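Coordinate-derived values only; no laboratory data. All of these numbers come straight from a predicted model, not from anything done at the bench. Methodologically, a virtual Cβ is constructed for each residue, glycine included, from the backbone with ideal geometry; neighbour enumeration extends over all protein chains shown.
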Amino acid sequence: MKSFLKFILALCALNINQAIADSKPTYVIGVENITYDPYYTVKENGEYGAFARDIFDLFAKKSNIQFKYEPMPVARLFKEYLGGGLDFKYPDSSLWMSEGRKNKNIIYSDNVVEYIDGAIIKAENKNKDISFIKKLGTIRGFEVGEYKKRQIQIEESSNIPELIDKLDNNKIDAVFFNVAVALNYVNRNKYFKNKFIFKKEYPYLHDYYRLSTMKHKDVIDKFNLFLKKNIKEINEMKKKNKIIF
């Protein structure tokens, strides 16, 4: 009898907890469906992870809300977001796809985390000037800054390992995306370790990832306050995820 009573009480508690969870406001964050450690990643089972997941889960917990993460290819994510199909987008920046943002009332959060997008080249080419780059690889849907103004062929891929492999085999001359992500990937691979460098003398983009919305300014305001009040915890998350900035 006691066991049955415990079972009933546990079942009631479970139902109450589920009811509380269901009563929380739920928002969908559109995220990039790529492995971009240590900043963010989408695992094989579709689960969102790394630093971005840590910070948004903590914010949701402290704000008594829920986030659902919707991974999409970069180009489709922009289209879905700018078409009004998502509550939030992360990461975001006013510098990306600026033409598509015209006449859109997009609200950006304060800075979440710093990043540098730059050119990664083979170490053996470290003394060459920028004119040697004829083919530049990047993530499909990403901006390449000043490089698009030059006479350079841009090759896109949704796969970082594919881009690094092309660079290693001289099929492209450089890759352009987050420097920390690129070096994190190559330095974990014994074959690639020390074969590539960030060429800081070439054009690069130094900015911050932000959360954005066209619908929920109130949540952005709360998130900005959260960023200010939880600096210590956020820095611990950066350390845990080996983010150097």
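Structure summary
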| read-out | value |
| --- | --- |
| Computed [θ] at 222 nm, deg cm²/dmol, the chain (DSSP H ≥ 4; -39,500 (n - 2.57); rounded to nearest 500) | -11000 deg cm²/dmol |
| Separation of the residue 149 and residue 62 label points, Cα + 7 Å toward Cβ, nm | 4.0 |
| Candidates per trypsin sites (Lys or Arg not before Pro) in the range 112-218, loop by DSSP, up to 16 other Cβ within 10 Å | 126, 128, 134, 140, 150, 171, 188, 190, 193, 195, 200, 215 |
| Subset of 134/193; 193/240; 24/68; 61/222; 193/239 violating a 18 Å alpha-carbon distance limit | 134/193; 193/240; 193/239 |
| Mean-position separation - Cα centroids, the range 118-136 and the range 140-182, in angstrom | 11 |
| Sequence-separation-based contact order of the range 93-164, relative, with Cα cut under 8 Å and 6+ spacing, percent | 27 |
| Structure-derived Cα extents along the principal axes in Å: which label, when the choices are (1) 55, 40, 31; (2) 61, 45, 29; (3) 78, 46, 32 | (3) |
| Relative contact order (percent, whole number), the chain, Cα cutoff 8 Å, 6+ residue spacing | 26 |
| Where Rh is the Kirkwood radius over Cα pairs, Rg/Rh for the range 115-206 | 0.91 |
| Sequence-separation-based contact order of the range 115-206, relative, with Cα cut under 8 Å and 6+ spacing, percent | 50 |
| Selection of chymotrypsin sites (Phe, Trp or Tyr not before Pro), the range 160-233, meeting DSSP coil and at most 12 other Cβ within 10 Å | 191 |
| Local electrostatic count at residue 33 - Lys and Arg +1, Asp and Glu -1, tallied over other residues with Cβ under 12 Å | -2 |
| Pairwise centroid distance, computed over Cα atoms, of the range 216-237 with the range 60-107, Å | 18 |
| In the range 20-116, the GluC sites (Glu not before Pro) that fall in loop regions by DSSP, at most 11 other Cβ within 10 Å | 44, 47 |
